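A.B. asks: Before I ask anything, here is the structure I am working with.
Just so you know, all these numbers are worked out from the coordinates, no wet-lab data involved. Quick caveat, the model's predicted, so the values are computed rather than measured. Cβ placement follows ideal geometry from the backbone for every residue including glycine, while neighbour counts extend to all protein chains displayed.
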Amino acid sequence: MRHLIQTSDLSIDEIEQILRKATLFLNTLDSSAKRPTQTLAHTNIITIFFENSTRTLSSFECAVKNLGGSITRLDVSRSSTSKGETISDTAANLNAMSPHAIIIRHQSSGAPVHLTKSVSCPIINGGDGAHAHPTQALLDLLTLKQCLGQNLAGKRVGIIGDIKTSRVANSNIELLCRYGVDLTLIAPPHFLPTHTSLPCTHDVREVIDSLDAIISLRTQTERHSKQNYGSLRDYAHDFCLTRQLVGDRDIIIMHPGPVHHNIDIEDELLKDPRCKVLDQVRNGVAVRMAVLEFFILGSEYHGQAS
Ligand code: NCD
């Protein structure tokens, strides 16, 4: 039984297979005439999200429905975990209902891998603490390839913002390094990881000329034990991506959402065609369709069908 806990659970060949399939699915999202084959008909997928989510939860739900599957959303506030049941017990009970996959988001790093011991279906990690967010990294990879070309080796990508507590940064770093991307981390000292071999800077102006793409990240205030910056306004002064900063450079702007307007990215720049935030959301549905097929139906089926 395979699970998707982190990007390193997949080989490059498997990732390429998933992205090829996602690209085919994207065409079907554009037109009602070309509905995808209902490969998940007669499957039931459970989502259990212990943290808020807009894009990840709804795009997984769209992905399941697009492939003809049915989805059961466990309402955590009404579930027995709020009465003290452990998440392992919750998972074992859900597993007894014979789901074909369980998609989980949890505030604690390690919760999804812990659950793999209590279930007999694939666990898909929808984000755990500051640890990993594999499907976000896969959809970011697809977006980068659409914009910069299939071969990302040597492409220069900056990650700017609260990198230290970001699961999106962790997963992107693992995945993009394997693709040979030349990464630079851009953040104030307290937002940079303590141990990293990647080049770091506190000044985006120093590196922006050399970048092909820049991924902005939200300040993860919910994961800070204390406020470690003067104010978000001070932070924005140095790290907000603006039209003025970007100028007419040939660079693409990405963000996993939710965007802190005028703190992470200026409103004006969000409307710029170089800003790919909504393309990322769209790619998210297609990538999650391909991921679900891969883990539920098996890589052999998935490979043949692509
Ligand atoms: C991210 C998350 O929840 O990790 N959002 C997302 O899934 N699209 C990023 C964030 O919360 O900042």
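A.B. asks: Tell me, what ³J(HN,Hα) does each residue in segment 80-88 have, in order and in whole Hz, if you take phi through Karplus 6.51 cos²θ - 1.76 cosθ + 1.60 with θ = phi - 60° and put x for Gly and Pro?
C.D. replies: 6, 4, 6, 9, x, 5, 6, 5, 5
A.B. asks: Sticking with this one: Over the chain, what is the relative contact order in percent, taking alpha-carbon pairs closer than 8 angstrom and at least six residues apart?
C.D. replies: Once divided by the residue count of the chain, the mean separation gives 21 percent.
A.B. asks: Multiply the residue separation of Lys34 and Ser108 by 0.36 nm, subtract the distance between their alpha-carbon atoms, and state the gained length in nm to one decimal.
C.D. replies: Working it through step by step, the gained length comes to 22.6 nm.
A.B. asks: As a quick test, which of the pairs Lys83/Lys276; Lys34/Lys276; Lys117/Lys145; Lys65/Lys164 have an alpha carbon distance above 31 angstrom in this structure?
C.D. replies: Lys83/Lys276; Lys117/Lys145; Lys65/Lys164
A.B. asks: Semi-axes, largest first, in whole Å: what does sqrt of 5 times each Cα gyration tensor eigenvalue give for segment 149-306?
C.D. replies: Details: eigenvalues 161, 66, 55 Å².
Equivalent ellipsoid semi-axes, largest first: 28, 18, 17 Å.
A.B. asks: Still on this structure, I have one more. Charges only on Cβ, +1 for Lys and Arg, -1 for Asp and Glu: so what's the dipole of segment 237-306 about the Cα centre, in debye to the nearest 20?
C.D. replies: For segment 237-306, the charge dipole is close to 160 debye.
A.B. asks: Just to be sure I understand: if I project the alpha-carbon convex hull of the chain onto a plane and average over all orientations, what area do I get in nm²?
C.D. replies: If I average the Cα hull's projected area over directions, I get 16.0 nm².
A.B. asks: Now, a different point. Test of understanding: extend the Cα→C-beta vector of Gln150 to 7 Å, then name every residue of segment 6-37 with backbone N under 16 Å from that spot.
C.D. replies: Flagged as within label range: 12-24.
A.B. asks: Nearest-5 percent of antiparallel DSSP beta bridges in the chain?
C.D. replies: Roughly 5 percent of the beta bridges in the chain run antiparallel, per DSSP.
A.B. asks: Continuing with the same structure: What number, rounded to the nearest 500 deg cm²/dmol, is the helix-based mean residue ellipticity at 222 nm of the chain, given -39500 (n - 2.57) per DSSP H run of at least four residues and division by all its residues?
C.D. replies: Computed mean residue ellipticity for the chain: -11500 deg cm²/dmol.
A.B. asks: Moving to a separate point now. With +1 on the Cβ of every Lys and Arg and -1 on the Cβ of every Asp and Glu, and nothing else charged, how large is the dipole of the chain about its Cα centre, in debye rounded to the nearest 20?
C.D. replies: Charge dipole, the chain, about its Cα centre: 640 debye, nearest 20.
A.B. asks: Also, I was wondering about something else. Kindly write out, for segment 136-151 in residue order, the coupling ³J(HN,Hα) from the Karplus curve 6.51 cos²θ - 1.76 cosθ + 1.60 (θ = phi - 60°), rounded to whole Hz, with x marking Gly and Pro.
C.D. replies: 5, 5, 5, 6, 5, 4, 4, 5, 4, 5, 4, 8, 10, x, 4, 8
A.B. asks: Return the long-range amide H neighbours of Leu241 (sequence gap of 5 or more, or a different chain), with a cut-off of under 5 Å between placed amide H atoms.
C.D. replies: Counting only residues 5 or more places away or on other chains, the set is Ile265, Glu266.
A.B. asks: So if R0 is 30 Å, what FRET efficiency would Gln244 and Thr54 give, r being the distance between their Cβ atoms, rounded to the nearest 0.05? Kindly include the intermediate steps, with their values, before the conclusion.
C.D. replies: Values: r = 29 Å, r/R0 = 0.97.
The calculated FRET efficiency here is 0.55.
A.B. asks: A follow-up question, please. Quote the relative contact order of segment 107-160 in percent (integer), defining contacts as alpha-carbon pairs under 8 Å separated by 6+ residues.
C.D. replies: Computed over segment 107-160, the figure is 25 percent.
A.B. asks: Continuing with the same structure: State, as an integer percentage, the relative contact order of segment 134-280 based on alpha-carbon contacts under 8 Å between residues 6 or more apart.
C.D. replies: Computed over segment 134-280, the figure is 24 percent.
A.B. asks: Between Thr201 and Ser8, what is the label-point separation in nm under the 7 Å Cα-to-beta-carbon projection?
C.D. replies: 2.9
A.B. asks: Whole-Hz Karplus ³J(HN,Hα) for segment 189-200, in order, using 6.51 cos²θ - 1.76 cosθ + 1.60 and θ = phi - 60°, x for Gly and Pro?
C.D. replies: Each residue's phi maps through the Karplus curve to give x, 6, 9, 8, x, 5, 10, 8, 9, 7, x, 10 Hz.
A.B. asks: Check which residues have an amide H placed less than 5 Å from Thr43's amide H, if you skip close sequence neighbours.
C.D. replies: Under 5 Å from the amide H of Thr43 lie the amide H atoms of Ser70, each far enough along the sequence or on another chain.
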